[in-house]
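Everything below concerns the one structure shown next.
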Protein chains: 2
Amino acid sequence: MPKDTGFSIGIDFGTNSVRALVVDVPSGEEIAAAAWTYAHGEDGIITDPRQPNLARQHPEDYEEGFVRTVSQAVRIAGANRRFEPSKVVGIGIDTTGSTPLPVDRHGRPLATLDDFRDDPAAMARLWKDHTAHAEAAEISERALAGGYPYLSKCGGRYSSEWYWAKALHCERHNPAVAHATFAWVELCDYVPALITGNHDPRTMMRSICAAGHKAMYHPSWEGLPCAEFLDGLSPGLSRFRERFRHPALPSDRLAGHLSDRFAQRTGLPAGIPVAVGALDAHLGAVGAGIGPGTLVKIMGTSTCDCMVAPLDDSIPDIPGVSGIVPESVIPGMLGIEAGQSAVGDIFNWFVNRVAPSGYGLREQMHAGLTEAASKLRPGESGLVALDWHNGNRNVLADPLLSGLIVGQTLATTPPEIYRALIEATAFGARKIIERIEEYGVSIERVVNCGGIPEKNPLVMQIYADVCNRPMQISRSAQTCALGAAIFGAVVGGAHADVPAAQAAMTGVKETTYCPDPAAVQVYEALYRIYSALHDAFGSVGSPRLDRVMKDLIAIRQHARADA
Amino acid sequence: MPKDTGFSIGIDFGTNSVRALVVDVPSGEEIAAAAWTYAHGEDGIITDPRQPNLARQHPEDYEEGFVRTVSQAVRIAGANRRFEPSKVVGIGIDTTGSTPLPVDRHGRPLATLDDFRDDPAAMARLWKDHTAHAEAAEISERALAGGYPYLSKCGGRYSSEWYWAKALHCERHNPAVAHATFAWVELCDYVPALITGNHDPRTMMRSICAAGHKAMYHPSWEGLPCAEFLDGLSPGLSRFRERFRHPALPSDRLAGHLSDRFAQRTGLPAGIPVAVGALDAHLGAVGAGIGPGTLVKIMGTSTCDCMVAPLDDSIPDIPGVSGIVPESVIPGMLGIEAGQSAVGDIFNWFVNRVAPSGYGLREQMHAGLTEAASKLRPGESGLVALDWHNGNRNVLADPLLSGLIVGQTLATTPPEIYRALIEATAFGARKIIERIEEYGVSIERVVNCGGIPEKNPLVMQIYADVCNRPMQISRSAQTCALGAAIFGAVVGGAHADVPAAQAAMTGVKETTYCPDPAAVQVYEALYRIYSALHDAFGSVGSPRLDRVMKDLIAIRQHARADA
């Protein structure tokens, strides 16, 4: 099939819903999309009031979600006279993660079998399930105490959100499920295996993106952690290592071909190439046009910041950066992942919990507060905040940190606080940028994607001013599904490689937010204060804080005098 | 007149209104009260939208207020068969301060004369008028640079609220008024002079309480600051010193006797002894039963904390304590005044500005938030705040400090913040208590008065737990007017001296808030965190703050585990 024709389908399995996107391969034009909210639980998530950390998903929703959204997207695409199902060259998959599910030796999710039907212990453990916090601490402790290198690529600390913590938690707390579990399979590996019919857990393709960022997989120690390390956590835990295909692969590799069964159910021809899956944020970065020198920020309730660097560059481990995994984003390149544990969540907390309703109903409050905050000049609030309401993922990598705001007077208003919270997340973003550059990875441009950059110009302008860099916005509003479609196009042979596909299929919007020199200067002074607080409360030395409040007043007075 | 009969009248000139209280001298029983809101301005205060720091009062309101409230209170008292006007043994006066007014050589307020009628520059400058902030800074600077001792008794810094700053501001900005001003008279000196007919500014009695706390008057430098100091600020400023009767006097001294004119207008007999006036907070302390070993806290929008100590004790200057003036509270004793620049104002700020209306209409929000905050256990919020939203009056004496709150998570609620703000003011109160005791003035009991102690048991319980001391509440809800009445009784000869009058006329309520040992322990840990923040941001050394957030989380988890 020639390059200048054909379509690719990307399917994005999100936290609450799944969406399928049909993309024109030569241009990247998105000709059809369909979404479906998972049927089980509330908004697709199964919870337990007795265990607030529990968040599960029913695996049936993944199969149904694939069939519903792909068949609907294909139907919608049919309205385009250029489209026909036979022109689909490939399929790509991205999912949340780490979202592992226990399967039997035939690759069947336990929660779909009679013995365990509707048992939450046998369901997929959604990324935000934190029931395994004790197991995560235990894994970190064993790695550090035993001198194992396994944490060196994932920010120095194992998370309760990740693969092995969840598998270990099941071993400890759900013996019947553990006994029946032949393998733990990441959602991004499960879906390609399911739709291609390659069900055997021992031979199904495994994503290096998920394995590297979530399961301590790395080529330098030949894959997953060694059996001795795993069995030391729980005897027999290493059986899951044995049933894990090595090497794990990037997404330009073939997971298989669409099976007859799923072809019939979706209206597509059988045999379409299906790419190895990957995590949503990483494929989102691809859909936003990531490449060497480009930082992609995926901003939502939290952020994921992705970079790539040539594999042959000698990039050192970057302290405090969550993940550095070969080929996790673009094949042949090193993937670097960082992020902030709360961004939109902090704004939502203020709006939903703290701010008065004088700014409208809750839906309108973000707009009302944003409008009022837009009228303030940088520094005018006299406030500085720390954005650690959900701990700090990077660069301090410390979940036991919390929020702080300083500079309040009896005249402090909600828009001032709201703006200070936005600024705090921008300062946190700058800390990550500075850390990455400090270790030799230079950042030439920043592309933002996600709901906040699409909807909130104030946030983007503040980020441009605080970071003193132009902020670009991804052209696509569905970068994750687009990234998956790009890999579909690559495994389908429509483009030679990922960079070529990106050049054709991705782009940025016309509007770029450029730094305003006057604002940059004020934020430079405020960032010095943020840094002093950051270091003092984040255990980085003991900066003096005795000038903080006075400097804030001076900055405020200066901002008002300029008005 | 025997001691076991007779009545005294106390008149309290507040910020918005004046109230008169008729008190039974042997028992302290309050048999009649009348109040009147000043007629001029909004709630008695004349403001100027172009000058937000301006707050003036029309002197006519003081005369009308005295006549209206005293005549009404006397009428109401007439319903008591024991009362008759001839049984009134004395009158006492307390007022806000520093609230000086410019008068001519006959003691007539300029704003009542044709040339200046209704000119705000010629009116009384209410305590909370801050137009003179530049002049206050200039006075502090000159005192420090010139090695003058004048700030040593008033906390080390002259305030824009005080006498000389206001007089100097008028010299600089209102030359016509300044030229016509023969003397500046504190409101608490003006009212006794007015009603006794002793109008001449050079001979009218001056309150040592007002002069000592607001005008840098002290016996050790023979009264007001020297002419050379004053004229260096503005040539001729020392003329006000020459027209200021020395020595200034405590309130057990006679200002004069009720004149025929005011006797006729109030329904009282002429000739009743009138005490030298004093500031409201200080007489409030007397009405609350102050004596050696008793700290009286007058809690409202801000607080005033009063202590007395025997004059012959060698009490040193206490660094960071606002005022130490002989006889300013009780004759023959040293008066010590400290305070917090915002307490109720911080709670009001949160309710009026920041908190959502889900806790009721604004009037009901304090009650709603208090109820929800009452259900929290100490430490459960994981928050600590600094109570410096209006700067810090004591013990840091630094107006350029501001508020701070640390420990927020995405789950932090308004009642948690509200409780943290209450706790912050309690920690601030403890700092003052510790500082006073550190300098050898021991505090055996604490009596609270004002609106907050009357209405909010949660605040009182938190203060008891934080300070690890029982908190008593004054029996009278009108301690200022009662304190004035006590001095009326003393100058009337009904009691031998102030302590004797207090023994008969004051008391505390039955309910005492006692420390709960479990809460005391938690607050001990939180106070250590408050102190670290206090010292770090308040320029007292450089404590390490790297454990603050972790300690708060540990305290929170412990509190929740106990629940």
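The values are calculated or read from the model by the stated rules, or taken from the named source; none is laboratory data. Keep in mind it's a predicted model, so treat the numbers as computed, not measured. Here Cβ is always computed from backbone atoms with ideal geometry, including for glycine, and neighbour counts include all displayed protein chains. Note: accessible area is taken over every heavy atom of the protein model, side chains too, but ligands, DNA and RNA are not part of it. Shrake-Rupley method; radii C 1.70, N 1.55, O 1.52, S 1.80 Å.
Some points to look at:
- Residue under evaluation residue A:243, criteria (1) under 25 Å from the mean Cα position of the chain (by Cα); (2) within 21 Å of residue A:99 (Cβ to Cβ); (3) surrounded by fewer than 21 Cβ atoms within 10 Å (Cβ to Cβ); (4) not polar (S, T, N, Q), criterion not met: (1)
- Total residues in region B:385-405, condition farther than 19 Å from residue B:297 by Cβ, in a loop (DSSP other than H, G, I, E, B) and facing chain A (nearest Cβ under 9 Å): 3
- Check on residue B:315, over 21 Å from residue B:457 (Cα atoms), more than 11 Å from every other protein chain (Cβ to nearest Cβ), in a loop (DSSP other than H, G, I, E, B) and open to solvent by less than 10 Å² (accessible area, probe 1.4 Å): no
- For region A:534-554, the set of residues classified as open to solvent by 30 Å² or more (accessible area, probe 1.4 Å) and either more than 8 Å from every other protein chain (Cβ to nearest Cβ) or under 35 Å from the mean Cα position of the chain (by Cα) (or both) consists of A:535, A:539, A:540, A:541, A:542, A:543, A:547, A:551, A:554, listed by residue number.
- In region A:247-301, the residues that are part of a loop (DSSP other than H, G, I, E, B), in contact (Cβ under 8 Å) with a residue 40 or more places away in the chain and open to solvent by 30 Å² or more (accessible area, probe 1.4 Å): A:252, A:253, A:267, A:269, A:292, A:301
- Looking only at residues in region A:496-507 that are surrounded by 22 or more Cβ atoms within 10 Å (Cβ to Cβ) and touching a Ser or Thr at 6+ places or on another chain (Cβ under 9 Å), the one that is nearest to residue A:89 (Cα to Cα) is A:501.
- Test result for residue A:234, of a type in the set (Ser, Thr, Tyr) and more than 21 Å from residue A:126 (Cα to Cα): yes
- Helices (runs of 4 or more DSSP H) enclosed by region B:448-495 - at least 1 residues per element that are at pLDDT 95 or above and either among the β-branched types (Val, Ile, Thr) or open to solvent by 10 Å² or more (accessible area, probe 1.4 Å) (or both): B:457-467, B:479-491
- Comparison of B:164, B:127 shows that the only residue that is more than 18 Å from residue B:229 (Cα to Cα) and assigned by TED's automatic domain parsing to the domain that holds residue B:111 is B:127.
- Unmet requirement for residue A:408, which otherwise passes all of (1) more than 25 Å from the chain's Cα centre (by Cα); (2) facing chain B (nearest Cβ under 9 Å); (3) closer than 18 Å to residue B:549 by Cβ; (4) not acidic (Asp, Glu): (3)
- Residue count for region B:219-236, restricted to those that are assigned to a loop (DSSP other than H, G, I, E, B) and over 23 Å from residue B:178 (Cα atoms): 1
- Applying a threshold of 6 Å to beta carbon distances and a minimum spacing of six or more residues, or different chains, the list of pairs starting in region B:47-72 at a residue that is closer than 13 Å to residue B:99 by Cβ and of a type in the set (D, E, K, R) and ending at one that is open to solvent by 10 Å² or more (accessible area, probe 1.4 Å) and part of a helix (DSSP H, G or I) reads B:56/B:120.
- Flag for residue A:377 being more than 9 Å from chain B (Cβ to nearest Cβ), among the basic types (Lys, Arg), more than 23 Å from residue A:558 (Cβ to Cβ) and in contact (Cβ under 8 Å) with a residue 60 or more places away in the chain: no
- Entry remark, region A:353-368: residues being within 12 Å of chain B (Cβ to nearest Cβ), open to solvent by less than 70 Å² (accessible area, probe 1.4 Å) and either assigned to a helix (DSSP H, G or I) or among the hydrophobic types (A, V, I, L, M, F, W, C) (or both) number 5 in total.
- Yes/no for residue B:560 being open to solvent by 60 Å² or more (accessible area, probe 1.4 Å) and under 30 Å from residue A:531 (Cβ atoms): no
This table checks each residue for (1) of a type in the set (A, V, I, L, M); (2) over 30 Å from residue B:315 (Cα atoms).
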| position | (1), (2) |
| --- | --- |
| B:412 | no, yes |
| B:416 | no, yes |
| B:420 | yes, yes |
| B:426 | yes, no |
| B:445 | no, no |
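- Breaking point among (1) outside the structural domain of residue A:393 (by TED's automatic domain parsing); (2) under 14 Å from the mean Cα position of the chain (by Cα), for residue A:270: (2)
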